[in-house]
Amino acid sequence: MSDRCTTHEYDVLIIGAGGAGLRAAIEAASMGDSVGVVCKSLLGKAHTVMAEGGMAASMGNVDDRDNWKVHFADTMRGGQYLNNCKMAEHHAKEAASCVHELESWGALFDRTKEGKILQRNFGGHKYPRLAHVGDRTGLEMIRTLQDHGIHHGIDFHMEVTVTNLLIDGNKVVGAFAYEREKGRFLLFKAKAIVIATGGYGRAFKITSNSWEYTGDGQTLAYDAGADLLDMEFVQFHPTGMVWPPSVRGILVTEGVRGEGGILTNSEGKRFMFEDVPPLYRSSTADNEEEGWRYVTGDKEANRPPELLTRDHVARKIVKEVKAGRGSEHGGAYLDIAWIEEKIKDSETHIKKKLPSMYHQFKELAGVDITKEKMEVGPTTHYAMGGIRVDSETQMTTVEGLFACGECAAGLHGANRLGGNSLSDLLVFGKRAGAHAAKFAAAIDTFSAIDSKEVDTLVTQALAPVDRTEGENPYKIQQDLQETMQDLAGISRSEAGLNEAIEHIHAYAKRAENAHAPGNREYNPGWHTALDLHNLLTVSEAMCLSAEQRTESRGGHFREEYPEKSKEGSTYNTVVRKAQDGSMEVERVPVVPQTDEMKQIIEANE
Amino acid sequence: MAQVTFKLWRGEGNNGSFKEYTTEVSEGMVVLDAVHDIQIEQASDLGVRWNCKAGKCGSCSAEINGMPKLMCMTRLSSLDLEKPVTVEPMKAFPLVKDLVTDVGWNYEAKMAVKPFKPRKPDASDGTWRMQQEDVERAQEFRKCIECFLCQDVCHVLRDHHEHDKYIGPAMLVKAAAFEMHPLDVENRIPDLKNEHGIGFCNITKCCTKVCPEHITITDNAIIPLKESVVDEFYDPLTKLFRIFKSKK
C-alpha cells in the first residue's frame, strides 16, 4: 500500500457528523459493526447546530387531531407531489418515535402544561408539530447525538475531508481523505459507506450555509457513478438577514413567524395576504385577526399567510423589492415587536421564545427585535435535491454506498417544509446506519485497493500546493458564487442557465490551475482549492436539471414558464456521469402513489 | 470605509509572531470578516477555524485585543480601530497553526464525565412527563456551544496547566447539565471530587464573564456541584437527611 497515507479499516464508514451522520453511526455501532466517522470540522460543529425552529413529528401533544397521515399529506403538498412518497410515508410514521428516542438520550425539549413535549406551528404544517428547544433545536439535537455517540466505541476523525471514493466494479470499497492539521492523507477501507455531508449552499453568494457546504457528498457519489436527483430544487429561505452586509444571508428562523411575526413592505402593508396559491387558499386566514388567533392556538382559525411554504414567501418578498416597495436595504420588514398590542410583557415573551434571534440581531445588527422591525430577504438555505437513494435502504445506485440527510434526495420533493429536516436526519440516518451495517455484515473481507490509484490521488490532491504559481482559489470560488447567485438562483431562464454553464466550464479550467501558497499544514487556501471540484460539479448539475424542468414548481422558478405544468408533476430529474465523462441528464417517472396514499392526501386537502 | 490594521498571530507550534495586515473595513463587519478578507487578499494559507459565522457553533474562538471572544460575534465597531487590532489563538491549548489551536483535550475531558442515564419511563405511553420550570434549569447549561473560551480563561488550565487533574468549567457545565436533568439518575458527585478536580475552582468567575452564551457558569453550575460534593463527603447531617429524604 502507498506509504504516503495511513490506512484504517471499518465495517461502516460514515462521511459527515451532523445529525444524519451521527444517527447513522450510532445505529451501525449498536448493531456491532466497527464504525468510523469522518467529519470535515470538529465534532459537534456541523451545520445541524444552525437549525433553529424544531423537528416535525405528529405526536399530537398540542393538537390531538394530528397523526402521521396529516403529516404525510402536508409533506407531499409542500413538495408539490414530486416527493418519493414511500420516503414521505416512512418519515411521517417514524418521526415521533425518533423524537422520543432522542429524549431518552437526554434531549430536553420545551414542555406543554401537562409535561409533554411542546410543539409549535410552522409553515405548511396543518397542526402545531415541531418539537423544539427555544430556537436552538439543532444544537440540542447534535449535542445529544454527540454525547450519546461518543460512548459507543466509534472512531471519530475530526477535521478530515474525503476527496474520493474507491470503487471496484459498481461497489464501493474505500475512501481517500486528507486531514487539515498536518495535511496528511488517510485511506479508509470499508465494507459499506454512508454519505451524510449535507448540502451545497456555498455554490451561492448569499447563503445561510457554512464553508463546509460545498456539495462534497453529492460529488463523491456522482464521481463514483451514482445518480443525483432533483438537483434543480434549492430552497431559498425567505428570511435571511440583509443588513449589515457582512451578515447578509444568516438565517432568521421561521419560528419568528410561527410566534406571530408579520411581513410588511415599505408602505407598511402586510403584503402576504395577496396572491395566496390555490392549493392553500382554503387553509389560509384572509384577515389579520384570524391569523393572530391561529398562532395563539385557536384550533378553528386558519394560518396567517406568513406561514405559507418557503418558496412562496421568498418569491413574494422578491416581488415587493422589485416593485420598489422593499425595505431600506432591499428586503422586507419582519415584525415581531407588534405583538405588544396583543400580549402583556411582550419583551420577556419574545426573549424567551426566540432567544438566539434576539441575541443575533442585538449583537450583529444592533437591532432590538422586541422593539424594532427586522430587515429580511431570501437566502440559499437547503438542497432538496441530492443523491438518489432506495426508499427502503437509503442505498444509492452504487452498491454498498448509502446516503442520508440533506445530501440525499427524495423526501422533500420540490420544496421542504420547515421542521422536516431535523426529523429527516433522524429517521433516515437511523435507516441508513442499519442497512449499511447489515450490508457490511454480509461481507467477509475488505477488498484490496490498488496502490497505484492511491498514489495518483495523492498527486492530484497535492497539485494546488505543489504548483509554484497559479490562480487564487478563493477568487474562483467567489466568481462561481456570483454566477450562480445571478443566473441560477431564485429566478432562472434558459439563456441565463446556458450562460452559467459556460461560466462553470471556464471556472473548471481555471480550477485546474488553482494555486495555494504555503505548506500542507492547516492551509485553508489548499482546502478551498480542493473543494472547487465539488462546487463546480453540483453547480453544473443544478443548471442542467433546472434547464430540463420547463415549468415553475417549489424551489425552482423559470421566468419563461412561471406556472406549474401538468407534465411537470410526472417526472423527477436525474443527473449522472456519462461514459465519456460528461454530465448527462434525464427525466424519470415520479414514484407512483398507492391507492391508500391517494386517499390520505385527498382526505387531508 | 476605512483602512484598519490587524496584528494576527502567525506560526506553528512554539514558533510564531504577530504579523501586520491592513485591510478595508465597512459597516457592520465582525473580526472574522476582516480575517477572511485578509485570507482572500493577502494570506491564503492563514489558518483559522470557523463554521457558522452566527455564534452558534463555537468554532472561531480567539483572543481579540487580549480578550477571549468569538471572532464572528465581535463587531469591529466595538473595538478601538485607531490602534492595530490584535488577534491571537487561545492560550490554554497547544497551537496548531496561526489562529488554530488543538482543542482535542476537551473532547477527552468530556469522555470522562459519565453519560446521561435516564430513569425508567413513567408515563402510560412509555415516555416521561417533565415540567417546563424543571427543564429550564438544565437547559441553561445545554446552551453551551463548546467554544472552550471558559477553559481558555480559567487560570487552573491557562496558567497552571492542570489539564490532567481538572476538567475545567466547560466540562463542569456539562456535568451540571446531566446532574440537573430531570430524568438523570447517574451519580457523578464522587467523580467530580476525585477525578474531575472540582476543588481546583476557586470561584474567580472569569469563565462566566467570557461565556458568549451568557451561561452563569460559576453561580449556577459549579457552585451547586461543589455544594453537592460537600453534602456528600463533608457533611454527615446533610448526608443523613438525604438518605431519609430519598426513602420517602
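Worth a mention:
- One residue alone among B:GLY11, B:GLY47 is more than 24 Å from A:PRO244 (Cα to Cα) and either in a helix (DSSP H, G or I) or in contact with a Lys or Arg (Cβ under 6 Å, 6 or more places away or on another chain) (or both), and that residue is B:GLY47.
- Residue within region B:156-165 that is open to solvent by less than 10 Å² (accessible area, probe 1.4 Å), touching a helix residue (DSSP H, G or I) at 6+ places or on another chain (Cβ under 8 Å) and either at positive phi or part of a helix (DSSP H, G or I) (or both) present: yes
- Complete set of residues in region A:505-530 that are buried (at least 22 other Cβ atoms within 10 Å of the Cβ) and either over 28 Å from the mean Cα position of the chain (by Cα) or on the phi > 0 side of the Ramachandran plot (or both): A:ALA514, A:ALA516, A:TYR522
- Residue check for B:LYS69: modelled with pLDDT under 95 and within 22 Å of the chain's Cα centre (by Cα): no
- Residue match in region B:126-136 (condition: of a type outside the set (D, E, K, R), over 28 Å from A:ASP135 (Cβ atoms) and either within 12 Å of chain A (Cβ to nearest Cβ) or in contact with a Leu (Cβ under 6 Å, 6 or more places away or on another chain) (or both)): yes
- Qualifying residue in region A:132-148 (condition: touching a strand residue (DSSP E or B) at 6+ places or on another chain (Cβ under 9 Å), within 30 Å of A:ARG281 (Cβ to Cβ), within 12 Å of chain B (Cβ to nearest Cβ) and surrounded by 20 or more Cβ atoms within 10 Å (Cβ to Cβ)): yes
- Sole exception among (1) at pLDDT 95 or above; (2) outside the structural domain of B:THR208 (by TED's automatic domain parsing); (3) open to solvent by less than 10 Å² (accessible area, probe 1.4 Å) for B:ALA54, by number: (1)
- Scan of region A:436-467 for residues that are open to solvent by 40 Å² or more (accessible area, probe 1.4 Å), closer than 20 Å to A:LEU532 by Cα and in a helix (DSSP H, G or I), ordered by number: A:THR456, A:THR459, A:GLN460, A:ASP466
- Residues of region B:12-51 satisfying the condition of being within 7 Å of chain A (Cβ to nearest Cβ), open to solvent by less than 10 Å² (accessible area, probe 1.4 Å) and touching a strand residue (DSSP E or B) at 6+ places or on another chain (Cβ under 6 Å): B:VAL30, B:GLY47
- For region A:210-256, the set of residues classified as closer than 22 Å to A:PRO355 by Cα, open to solvent by less than 10 Å² (accessible area, probe 1.4 Å) and in a loop (DSSP other than H, G, I, E, B) consists of A:SER210, A:VAL242, A:PRO244, A:GLY249, A:VAL252, A:THR253, A:GLU254, listed by residue number.
- Index of the failed condition, B:MET73 passing every other in (1) more than 24 Å from A:MET50 (Cβ to Cβ); (2) in contact with a Pro (Cβ under 8 Å, 6 or more places away or on another chain); (3) open to solvent by 10 Å² or more (accessible area, probe 1.4 Å); (4) not small (Gly, Ala, Ser): (1)
- Candidates A:ALA57, A:ALA51, A:ALA92, filtered to the one that is open to solvent by less than 10 Å² (accessible area, probe 1.4 Å) and within 14 Å of chain B (Cβ to nearest Cβ): A:ALA57
- For region A:103-121, the condition holds for no residue, the condition being that it is under 27 Å from A:TYR213 (Cα atoms), in contact (Cβ under 8 Å) with a residue 24 or more places away in the chain and more than 10 Å from chain B (Cβ to nearest Cβ).
- For A:ARG281, the criteria (1) out of contact with any Ser or Thr (no Cβ under 7 Å at 6 or more places or on another chain); (2) buried (at least 22 other Cβ atoms within 10 Å of the Cβ); (3) more than 24 Å from A:THR137 (Cα to Cα) hold in every case but one, which is (2).
- Complete set of residues in region B:139-170 that are over 8 Å from the mean Cα position of the chain (by Cα) and of a type in the set (A, V, I, L, M, F, W, C): B:PHE141, B:VAL153, B:CYS154, B:VAL156, B:LEU157, B:ILE167
- Taken as a whole, the structure places B:ALA123 among residues that are exposed (fewer than 14 other Cβ atoms within 10 Å of the Cβ) and either in the same structural domain as B:ASP191 (by TED's automatic domain parsing) or farther than 17 Å from B:PRO169 by Cα (or both).
- Annotation: A:THR207 fulfils all but one of (1) at pLDDT below 95; (2) in contact with a strand residue (DSSP E or B) (Cβ under 6 Å, 6 or more places away or on another chain); (3) surrounded by fewer than 24 Cβ atoms within 10 Å (Cβ to Cβ); the unmet one is (3).
- Yes/no for A:ASP390 being open to solvent by 20 Å² or more (accessible area, probe 1.4 Å), free of Cβ contacts under 8 Å to residues at least 24 places away in the same chain and not assigned by TED's automatic domain parsing to the domain that holds A:TRP292: yes
- Any hit, region B:168-183, residues being surrounded by 20 or more Cβ atoms within 10 Å (Cβ to Cβ) and charged (D, E, K, R): yes
- Matching residues, region B:52-68, being of a type in the set (D, E, K, R) and more than 11 Å from chain A (Cβ to nearest Cβ): B:GLU63
- Qualifying position, being assigned to a loop (DSSP other than H, G, I, E, B) and either open to solvent by less than 20 Å² (accessible area, probe 1.4 Å) or touching a Pro at 6+ places or on another chain (Cβ under 8 Å) (or both), among A:LEU22, A:LEU102, A:LEU43: A:LEU43
- Qualifying residue in region B:74-95 (condition: within 10 Å of chain A (Cβ to nearest Cβ), touching a residue at least 24 places away in the same chain (Cβ under 8 Å), of a type in the set (Gly, Ala, Ser) and assigned to a loop (DSSP other than H, G, I, E, B)): no
- Within region A:451-487, the set of residues being over 31 Å from the mean Cα position of the chain (by Cα) and in contact (Cβ under 8 Å) with a residue 24 or more places away in the chain comprises A:SER451, A:GLU453, A:VAL454, A:ASP455, A:VAL465, A:ARG467, A:THR468, A:GLU469, A:GLY470.
- Looking across region B:96-118, the residues that are touching a residue at least 40 places away in the same chain (Cβ under 8 Å) and assigned to a loop (DSSP other than H, G, I, E, B) come down to B:ASP98, B:LEU99, B:VAL103, B:VAL113, B:LYS114, B:PRO115, B:PHE116, B:LYS117.
- Residues satisfying the stated conditions in region B:209-219, i.e. in contact with a Ser or Thr (Cβ under 9 Å, 6 or more places away or on another chain) and either aliphatic (A, V, I, L, M) or open to solvent by 40 Å² or more (accessible area, probe 1.4 Å) (or both): B:HIS214, B:ILE215, B:THR216, B:ILE217, B:ASP219
The values are calculated or read from the model by the stated rules, or taken from the named source; none is laboratory data. Please read all numbers here as calculations on a predicted model, not as lab measurements. Please note: Cβ atoms are built from the backbone with ideal geometry, for glycine as well, and neighbour counts cover all protein chains shown. These accessible areas exclude ligands, DNA and RNA; they are computed on the full protein's heavy atoms, side chains included. Shrake-Rupley method; radii C 1.70, N 1.55, O 1.52, S 1.80 Å.
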